[in-house]
Amino acid sequence: MTSTRGHLRLVADPVEEAAPPSRRRARRRDVVSYQLRIELDGTSPPVWRRLELASDLFLNDVHDIIQVAVGWTDSHLHQFGSGPAYYSHETEYYLCPFEIEEAPDGIPEEHVRLDEVLAEPGDTLFYCYDFGDDWLHIIELEAVRPRDESRQGARCIGGERPGPAEDCGGVPGYEMFAAANDATNPDRDRAAAELRDMYGFDIDPTTHEPVPFDADEVNRILAELSSADMPAVGDLPAPLLEIHNSIGSTPGRRRLRRLIGDARLGDPVMIDVETATAMVSPYTWLLDRVGDDGIKLTNAGYLPPAHVEAAMAELNMEDEWIGKFNREDQTLPVLLLRETAQKLGLVRKYRGKLLPTSRARRLRDDPVALWWHLAASMPLRTRDPFDAQASLLYLTAVAADAANDGTGRSRGGVDSDDRDKDHHNGGDSGRHREALVARLLTDAGWRVSGGAPLGSNAVIQGILDTEYVLRRLGAFDKLDWFTYVGANVTPRGITFARAALRSTEK
């Protein structure tokens with residue numbers, strides 16, 4: 001068992017003291033509404049919020065809701081505790097993803113439901129945010145009511161005082177900054193003087209101005225947070241859950257979950273013979289060209305010129321590239337066709353020849369089975385974790401294009417400021433997807449040299465193979481390699497991306 005206070009971590013000696021029995025209770029059979037009062041310990045008059053929450057929410061969702069209600073930015077670690085006091089050897093702790101990495105035997109908060117730790121009016125739960133400033137929230141269950149299904153799962157129904165700014169120095173710092181920023185406070189001058197004594201004469205009190213409390217604005221954000229389009233964390237495919245848990249901010253996690261919700265991974269995936277035949281035709285062409293006996297490669301290991309020229313002409317790829325189309329190493333569309341076929345397990349190099357695999361021989365005359373094999377092989381395996389995550393998110397963004405309802409609203413969680421930025425930079429649908437993936441990867445902690453956020457160019461290299469396979473299968477309405485203008489996702493591209501994502505648990 002561990003507990004955390006400030007920068008000090010106390011670890012109970014397992015020899016001297018056994019872990020306390022679990023304080024979790026059986027979950028309710030029915031879903032009810034909980035009225036909770038959340039108060040910041042030590043503030044006077046108290047900073048508090050009153051919330052109405054569904055009893056079946058998990059603690060990771062409650063964490064997100066508290067962040068919104070108080071006005072935090074989710075920039076620090078946090079921890080829930082159930083016991084007589086937060087800092088007690090009798091308290092059971094429920095850990096955020098980053099703490100689980102250090103204490104893998106701890107109880108993950110996403111496995112604990114609210115009704116397991118709060119059952120009757122008067123029950124309390126603790127929530128500590130920012131182990132430096134040590135913001136301790138006391139959560140009291142005030143009332144239990146029948147659930148009104150017409151209401152959203154989380155609603156703010158009251159509160160007092162603005163929320164503290166991040167990194168303002170705990171309760172003492174909050175009270176000083178609150179007074180120094182309040183023109184009606186009689187202690188304003190004294191608080192400003194104390195801040196100057198503590199931080200220096202140049203301190204600007206507005207840099208840590210408290211966050212105004214506006215119940216309507218809180219509820220607007222909570223409505224977006226609890227959207228039915230966003231799947232529960234526990235329902236995410238394992239690879240996407242890993243990315244989700246590496247994102248340190250509530251807006252970033254919400255952005256990813258909205259994208260996954262737009263992808264509608266629970267929808268059935270249906271593919272008919274005619275569509276499958278058309279989509280896999282480039283790889284079928286290559287398998288027919290290779291035949292059972294294979295193709296003798298050049299000394300450098302490339303396809304001979306005759307096969308390169310045939311691929312460009314017969315697969316109508318001549319508008320995608322420039323040159324004579326007679327050298328595979330200088331004709332990227334053919335080079336990637338052969339290389340991705342190898343990564344998809346369809347062909348292999350052996351003793352100077354390109355040969356079909358045994359799997360390819362079985363699938364060559366069954367376009368539907370070949371289509372499913374290609375989907376199950378995506379994203380293509382790679383040892384580079386950046387490429388793997390970029391490709392997975394790109395597939396999700398492609399699947400999420402189904403959310404475009406013609407109203408011009410955001411597709412796949414792309415915010416309006418992203419769309420405006422891309423428009424002024426001459427971007428298009430393809431660039432929107434890459435910009436979104438770059439933003440999500442940045443949220444997950446990836447950076448370019450020097451620590452700057454990722455841009456679309458960093459993503460393009462990581463998704464090269466994935467994007468090529470999607471293009472070759474007809475996932476986009478344009479194939480121009482250079483301009484990529486107007487490259488919208490096609491219905492068959494959406495279907496294929498969904499099938500690929502449903503196979504990521506393999």
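Just to be sure, is D61 charged (D, E, K, R), under 27 Å from P212 (Cβ atoms), in contact (Cβ under 8 Å) with a residue 24 or more places away in the chain and open to solvent by 10 Å² or more (accessible area, probe 1.4 Å)? Even if it seems obvious, please write down each step before you answer.
On the way: charged (D, E, K, R): yes; under 27 Å from P212 (Cβ atoms): yes; in contact (Cβ under 8 Å) with a residue 24 or more places away in the chain: yes; open to solvent by 10 Å² or more (accessible area, probe 1.4 Å): yes.
So D61 passes the test.
The residue of region 330-353 that is most open to solvent (accessible area, probe 1.4 Å), among those that are out of contact with any His (no Cβ under 9 Å at 6 or more places or on another chain) and among the aliphatic types (A, V, I, L, M), is L332. Screening A369 against (1) farther than 30 Å from H244 by Cβ; (2) modelled with pLDDT under 95; (3) of a type in the set (G, A, S) leaves a single unmet condition, (2). A single member of H89, H111, H76, H137 is touching a residue at least 12 places away in the same chain (Cβ under 8 Å) and touching a Cys at 6+ places or on another chain (Cβ under 8 Å), and it is H137. Going by the structure shown, is Y199 aromatic (F, W, Y) and modelled with pLDDT of 90 or more? The answer is no for Y199. Assess whether R49 counts as being touching a helix residue (DSSP H, G or I) at 6+ places or on another chain (Cβ under 9 Å) and modelled with pLDDT of 95 or more. Spelling it out, R49 is indeed touching a helix residue (DSSP H, G or I) at 6+ places or on another chain (Cβ under 9 Å) and modelled with pLDDT of 95 or more. Residue selection: T4 satisfies the criterion of being out of contact with any Pro (no Cβ under 7 Å at 6 or more places or on another chain), at pLDDT below 95, of a type in the set (S, T, Y) and part of a strand (DSSP E or B). Within region 458-487, restricting attention to residues that are of a type in the set (G, A, S) and either more than 19 Å from M279 (Cβ to Cβ) or open to solvent by 30 Å² or more (accessible area, probe 1.4 Å) (or both), which residue is modelled with the lowest pLDDT? Within region 458-487, the match that is modelled with the lowest pLDDT is G486.
For residues that are touching a Leu at 6+ places or on another chain (Cβ under 8 Å) and open to solvent by less than 60 Å² (accessible area, probe 1.4 Å), scanning just region 318-329, find the one that is farthest from P305 (Cα to Cα). Quick ask: steps written out before the conclusion?
Let us first name the residues in region 318-329 that are touching a Leu at 6+ places or on another chain (Cβ under 8 Å), namely 319-321, 328-329.
Then keep just the ones that are open to solvent by less than 60 Å² (accessible area, probe 1.4 Å); that gives 320-321, 328.
Working: E320: 18, W321: 16, E328: 7 Å.
Applying the filter and picking the extreme gives E320.
Cβ separations smaller than 8 Å between residues 6+ apart or across chains give the following pairs from region 182-200 residues that are surrounded by 13 or more Cβ atoms within 10 Å (Cβ to Cβ) to residues that are among the β-branched types (V, I, T): L195/I203; R196/I203. Quickly run through region 62-83 and pick out the residues that are in contact with a Gly (Cβ under 8 Å, 6 or more places away or on another chain) and either among the charged types (D, E, K, R) or part of a loop (DSSP other than H, G, I, E, B) (or both). Within region 62-83, G71, W72, D74, S75, H76 meet the criteria. Considering the conditions (1) part of a helix (DSSP H, G or I); (2) at positive phi, G323 is excluded by exactly one of them, (1). The residue that is nearest to T91 (Cα to Cα), among those in region 139-150 that are at pLDDT 95 or above and open to solvent by less than 50 Å² (accessible area, probe 1.4 Å), is I139.
Taken together, R348, R359 contain a single residue that is in contact with a helix residue (DSSP H, G or I) (Cβ under 8 Å, 6 or more places away or on another chain) and part of a helix (DSSP H, G or I), which is R359. Selection within region 282-312: residues that are open to solvent by 50 Å² or more (accessible area, probe 1.4 Å) and either part of a helix (DSSP H, G or I) or of a type in the set (S, T, Y) (or both). The member of this set that is nearest to G352 (Cα to Cα) is T298.
Touching a residue at least 40 places away in the same chain (Cβ under 8 Å), farther than 18 Å from R24 by Cβ, open to solvent by less than 40 Å² (accessible area, probe 1.4 Å) and not polar (S, T, N, Q): does that describe G153?
Details: touching a residue at least 40 places away in the same chain (Cβ under 8 Å): yes; farther than 18 Å from R24 by Cβ: yes; open to solvent by less than 40 Å² (accessible area, probe 1.4 Å): yes; not polar (S, T, N, Q): yes.
The answer is yes for G153.
One residue stands out in region 419-455 among those that are over 20 Å from T73 (Cβ atoms) and open to solvent by 70 Å² or more (accessible area, probe 1.4 Å): the one that is modelled with the highest pLDDT, namely S449. Just one of the listed residues (L259, L315) is aliphatic (A, V, I, L, M) and open to solvent by less than 20 Å² (accessible area, probe 1.4 Å), namely L259. Scanning region 86-145 for residues that are on the phi > 0 side of the Ramachandran plot and charged (D, E, K, R) yields a count of 2. Output the residue which, of all residues in region 156-165 that are under 18 Å from R37 (Cα atoms) and among the hydrophobic types (A, V, I, L, M, F, W, C), is surrounded by the fewest Cβ atoms within 10 Å (Cβ to Cβ). The selected residue is I157.
The values are calculated or read from the model by the stated rules, or taken from the named source; none is laboratory data. Note that this is a predicted model, so its numbers are computed, not measured. FYI the Cβ positions are ideal-geometry reconstructions off the backbone, even for glycines, and counts take in every protein chain you see. Ligands, DNA and RNA are stripped out before the accessible areas are found, and what is left, the full protein with its side chains, is counted by its heavy atoms. Shrake-Rupley method; radii C 1.70, N 1.55, O 1.52, S 1.80 Å.
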